[in-house]
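Below: the structure, in structure tokens.
The values are calculated or read from the model by the stated rules, or taken from the named source; none is laboratory data. What you are looking at is a predicted structure, and each value in this text was computed from that prediction instead of being measured. Using ideal geometry, Cβ is built from the backbone for each residue, glycine included, and neighbour counts are taken over all protein chains shown. Accessible surface is based on the protein model in full, side chains and every heavy atom, while ligands, DNA and RNA are left aside. Shrake-Rupley method; radii C 1.70, N 1.55, O 1.52, S 1.80 Å.
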Number of protein chains: 2
Amino acid sequence: MAVTLKEVAERAGVSRSAVSRTFTDGASVSDKMRRKVEKAAKELGYSPNALASSLTTGRTKLIGLVSNNFHNPIFLEVFDLFTRGLQDRGLRPLLVNLTDETDPENSVRMLRQYSVDGVVVASSTLPPGFAKAFRDAGVPVVHSFGRASSAPQVHVVGIDNVECGRMAARELIRRGYTHVGFMGGPEGATSTQDRYTGFMSEMSANPDIKVSYSFADAYSFDAGRREMLRLLKNGPSQAYFCGDDVLSIGALSAIDDSGLSCPDDVGLIGLNDMEMSRWENIDLTTIHQPIRQIVTSSIELMAAMLDDPERYPETRIFPCSIVERGTLKAEV
Amino acid sequence: MAVTLKEVAERAGVSRSAVSRTFTDGASVSDKMRRKVEKAAKELGYSPNALASSLTTGRTKLIGLVSNNFHNPIFLEVFDLFTRGLQDRGLRPLLVNLTDETDPENSVRMLRQYSVDGVVVASSTLPPGFAKAFRDAGVPVVHSFGRASSAPQVHVVGIDNVECGRMAARELIRRGYTHVGFMGGPEGATSTQDRYTGFMSEMSANPDIKVSYSFADAYSFDAGRREMLRLLKNGPSQAYFCGDDVLSIGALSAIDDSGLSCPDDVGLIGLNDMEMSRWENIDLTTIHQPIRQIVTSSIELMAAMLDDPERYPETRIFPCSIVERGTLKAEV
DNA sequence: TGTAATTTTGCAACCGGTTGCAAAATGAGT
DNA sequence: ACTCATTTTGCAACCGGTTGCAAAATTACA
């Protein structure tokens, strides 16, 4: 079906190597030769087989893009940014949906079978060990949105979730709330754990503030809504730090639905600043996570690793900032 | 770095063919041989190189997943379903983000270079010719969410957008609205055009109803919001059929923001029934598009084409139905 | 136990490219 | 016109697998 190198070579009356060389840049070909080959190639509609060449060059330009967050709208933005960024560098994303899998073994095996040049793990819930498994298998890996570490075993790009927890706590304190809650995502998620740690550590310095906590069972609207309905029934706190915008929006819906008002009855602060949080009918006060920079930086790091696989693992943490909108009361 | 067939063969003291055969099912290998090879393979941590084998078998199990809808949250659901469905069949999605490209040439070339076994075009905006380009290049293709046709040139799976337009029109009429509008997505999108056609055809049978129309410049929240703000300034209709839920939600935000109420001042009916439309703080009346079935069916069709590439192109259309929620007035 | 039918195995060529090396062609310099 | 240095080209081996074919091994049957 497809036209091969050999056919082009025959048509142009030259050797196969000559054809190969005109299609690999940096190779030595005379102008005359190049023209002859390009003519024949065009006539036959030839384009080189990337996979065949990968056999000898050892590079496929395939990048595994592994994620398990297909229910959080922010990940549509993330996928958009990743696919574009990778494409711009001539890399091709091979998308892997982990669903509920947390064992890296299958993904590692599969992605090695496809000889991916590298892997981006885009997940705020998977433990560091997940990405580590790729490194152990000799595959360059970047963990985006992963847990920050001062001694990372793989490249990590993301935010300081502990600090975000503290920020949220400080913000609630600053606004004069005296009875607050932490409503996290799934308890096993590293991001939830870290945000919890930060939030609680800051609160423990303020013993006069009453603090409660609980966890939704997923980073999703429904989970946030369910959890908030439960909280409302048991007598809610004055304000909550929700571990993610999509949880906040679920919580918001529960509050509205119970005939209560946000921020008058219950205040909310989220984390992510996803597009939807800006929507005027949501207008969520939240902590901005710079996903654009995180993605760009992850791709940069990946590209750097492709050049130097031995590169020393590094952690890149981007600062977050509070975006004041309408779901917390003005300072009292 | 990676362990090869040859090394396993040497370790097991057998021929390379023997190793190859133990890893391809249906091949003739004795039990004794299989055990010997598997032992050696396990010891060395061997797993076959899928791309190398694709050279001779002619199958990569790679499927190009091409889309340009990275700003419509419903596509996160679509990607989730596609990636899972493909993975379940041992197929691997190679994701292509078209951004604003509408010329198939680049994608066709790139996906052929990677020898994909097939391509799924997941887009409600691209014209039939886009998918056709893959077929012309000899690549099996399914156009999901594409324009229905009675004489399709490629497999198309989706809904009857013209009929959806009619449904929306009938619903607005049934509810007694006498002054209605069509607020479409981008004018060039096939889905917009078809929904417009259906809507108008039904309306033309009801000359006493006043009808207007306009188009947002993207299928996105912001575009819907902008367009509705413009409409509100110029004196809006009583109710609108928005060409997509995400547009409706943008419109909703514009309405709320202008101090008006939906459905009391302006009614809305959307199309898609995405997860978010169910959220209680949105509660959008809409036309349900059965995306789960569309995706499942697309994958089925793709799998069938892999077995029989000459398969005659077919159109699979799934029925839609109205989901009554809170953004249209009860019948008057 | 001998022979024929059947299964298992290895050889070698092939898939579609790349690349080191040496031979051929070109260009520079006198 | 004749060296010598430099560039361009083709040969052949290789990347990591698969597969048709014939030889070797096993099994069936008399």
**Request:** Tell me, yes or no, whether the stretch A:92-114 has at least one residue that is part of a loop (DSSP other than H, G, I, E, B) and more than 30 Å from B:LYS42 (Cβ to Cβ).
**Result:** no
**Request:** Just one of (1) in contact with a strand residue (DSSP E or B) (Cβ under 8 Å, 6 or more places away or on another chain); (2) open to solvent by less than 10 Å² (accessible area, probe 1.4 Å) trips up B:GLU227, so point out which.
**Result:** (2)
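Among the residues that make up the stretch A:56-68, is at least one of them charged (D, E, K, R) and outside any helix (DSSP H, G or I)? If you could, list the steps in order and put the result at the bottom.
Restricting attention to the stretch A:56-68, the residues satisfying the condition of being charged (D, E, K, R) are A:59, A:61.
Going one step further and asking which of them are outside any helix (DSSP H, G or I), we end up with A:59, A:61.
Yes.
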**Request:** For B:SER248, indicate whether it is closer than 20 Å to B:VAL78 by Cα and in contact with a Phe, Trp or Tyr (Cβ under 9 Å, 6 or more places away or on another chain).
**Result:** yes
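Counting residues that are touching a His at 6+ places or on another chain (Cβ under 7 Å), which strands (runs of 3 or more DSSP E) fully inside the stretch A:265-332 reach at least 2? Step through it out loud before you land on a result.
Values: elements: A:267-272, A:286-288, A:315-317, A:321-323.
The qualifying strands (runs of 3 or more DSSP E) are A:321-323.
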**Message:** On the basis of being within 11 Å of DNA strand D (Cβ to nearest atom) and in contact (Cβ under 8 Å) with a residue 24 or more places away in the chain, does A:SER17 make the cut?
**Reply:** no
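Kindly evaluate A:ALA205 against the criterion of being among the small types (Gly, Ala, Ser) and open to solvent by 10 Å² or more (accessible area, probe 1.4 Å). Please lay out each step first, then the result.
On the way: among the small types (Gly, Ala, Ser): yes; open to solvent by 10 Å² or more (accessible area, probe 1.4 Å): yes.
When the stated conditions are applied, A:ALA205 passes them.
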**Prompt:** Residues in the stretch B:289-307 that are under 20 Å from B:ALA151 (Cβ atoms) and either modelled with pLDDT under 95 or open to solvent by 10 Å² or more (accessible area, probe 1.4 Å) (or both): how many?
**Reply:** 2
**Request:** Could you grab me the full set of residues in the stretch B:82-96 that are buried (at least 22 other Cβ atoms within 10 Å of the Cβ) and either closer than 24 Å to B:LEU247 by Cβ or more than 10 Å from every other protein chain (Cβ to nearest Cβ) (or both)?
**Result:** B:PHE82, B:LEU91
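Residue by residue, here is whether (1) out of contact with any His (no Cβ under 9 Å at 6 or more places or on another chain); (2) at pLDDT 95 or above; (3) more than 16 Å from DNA strand C (Cβ to nearest atom); (4) of a type in the set (Lys, Arg) holds:
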{"residue": "A:ALA2", "(1), (2), (3), (4)": "yes, no, no, no"}
{"residue": "A:GLY26", "(1), (2), (3), (4)": "yes, no, no, no"}
{"residue": "A:SER30", "(1), (2), (3), (4)": "yes, no, no, no"}
{"residue": "A:ALA52", "(1), (2), (3), (4)": "yes, yes, no, no"}
{"residue": "A:LYS61", "(1), (2), (3), (4)": "yes, yes, no, yes"}
{"residue": "A:PHE70", "(1), (2), (3), (4)": "yes, no, yes, no"}
{"residue": "A:GLN87", "(1), (2), (3), (4)": "yes, yes, yes, no"}
{"residue": "A:LEU91", "(1), (2), (3), (4)": "yes, yes, yes, no"}
{"residue": "A:LEU98", "(1), (2), (3), (4)": "yes, yes, yes, no"}
**Request:** Specify which of the listed residues (B:SER214, B:SER191) is within 26 Å of B:VAL157 (Cβ to Cβ), at pLDDT 95 or above and away from chain A (no Cβ under 14 Å).
**Result:** B:SER191
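One line per residue, one yes/no per condition, for (1) crowded, with 21+ Cβ neighbours inside 10 Å; (2) closer than 25 Å to B:LEU126 by Cα; (3) within 26 Å of the chain's Cα centre (by Cα); (4) not assigned by TED's automatic domain parsing to the domain that holds B:ARG278:
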residue	(1), (2), (3), (4)
B:ARG174	no, no, no, no
B:PRO186	no, yes, yes, no
B:ASP194	yes, yes, yes, no
B:ILE209	no, no, no, no
B:PHE215	no, yes, yes, no
B:PHE221	yes, yes, yes, no
B:LEU231	no, no, no, no
B:SER248	yes, yes, yes, no
B:ALA254	yes, no, no, no
**Request:** Determine, yes or no, whether A:THR4 is surrounded by 19 or more Cβ atoms within 10 Å (Cβ to Cβ) and within 16 Å of DNA strand D (Cβ to nearest atom).
**Result:** no
**Request:** Among the residues of the stretch A:140-167, count how many are free of Cβ contacts under 8 Å to residues at least 40 places away in the same chain and either within 12 Å of another protein chain (Cβ to nearest Cβ) or open to solvent by 20 Å² or more (accessible area, probe 1.4 Å) (or both).
**Result:** 3
**Prompt:** Looking at the stretch B:256-271, which of its residues are open to solvent by 10 Å² or more (accessible area, probe 1.4 Å) and within 14 Å of chain A (Cβ to nearest Cβ)?
**Reply:** B:ASP256, B:ASP257, B:SER258, B:GLY259, B:LEU260, B:SER261, B:CYS262
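I'm checking my understanding of the structure. Among residues of the stretch B:57-89 that are away from DNA strand D (no atom under 16 Å from the Cβ) and β-branched (Val, Ile, Thr), which one is nearest to the chain's Cα centre (by Cα)?
The residue in question is B:VAL78.
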**strands (runs of 3 or more DSSP E) within the stretch A:126-209 that include 1 or more residues in contact with an Asp or Glu (Cβ under 8 Å, 6 or more places away or on another chain)** = A:155-158, A:179-184
**Request:** Could you list all residues from the stretch A:8-24 that are more than 8 Å from DNA strand C (Cβ to nearest atom) and open to solvent by less than 90 Å² (accessible area, probe 1.4 Å)?
**Result:** A:ALA9, A:ALA12, A:GLY13, A:VAL14, A:ALA18, A:THR22
**Fill in**
Scanning the stretch A:37-55 for residues that are buried (at least 19 other Cβ atoms within 10 Å of the Cβ) and either within 12 Å of DNA strand D (Cβ to nearest atom) or part of a helix (DSSP H, G or I) (or both) gives A:VAL37, A:ALA40, A:ALA41, A:ASN49, A:ALA50, A:LEU51, A:SER54
**Request:** Determine whether A:LEU65 is open to solvent by less than 20 Å² (accessible area, probe 1.4 Å), more than 16 Å from DNA strand C (Cβ to nearest atom) and either within 8 Å of chain B (Cβ to nearest Cβ) or charged (D, E, K, R) (or both).
**Result:** yes
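Taking into account only those residues within the stretch A:273-288 that are out of contact with any Gly (no Cβ under 8 Å at 6 or more places or on another chain) and more than 14 Å from chain B (Cβ to nearest Cβ), which is least open to solvent (accessible area, probe 1.4 Å)? Step through it out loud before you land on a result.
We begin by selecting, within the stretch A:273-288, every residue out of contact with any Gly (no Cβ under 8 Å at 6 or more places or on another chain); these are A:273-276, A:278, A:280-282, A:288.
With more than 14 Å from chain B (Cβ to nearest Cβ) added as a condition, the list becomes A:273, A:288.
Working: A:ASP273: 15, A:HIS288: 60 Å².
Selected residue: A:ASP273.
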**Prompt:** Within the stretch B:102-132, which residues are of a type in the set (A, V, I, L, M) and away from every other protein chain (no Cβ under 13 Å)?
**Reply:** B:VAL119, B:VAL121, B:LEU126, B:ALA131
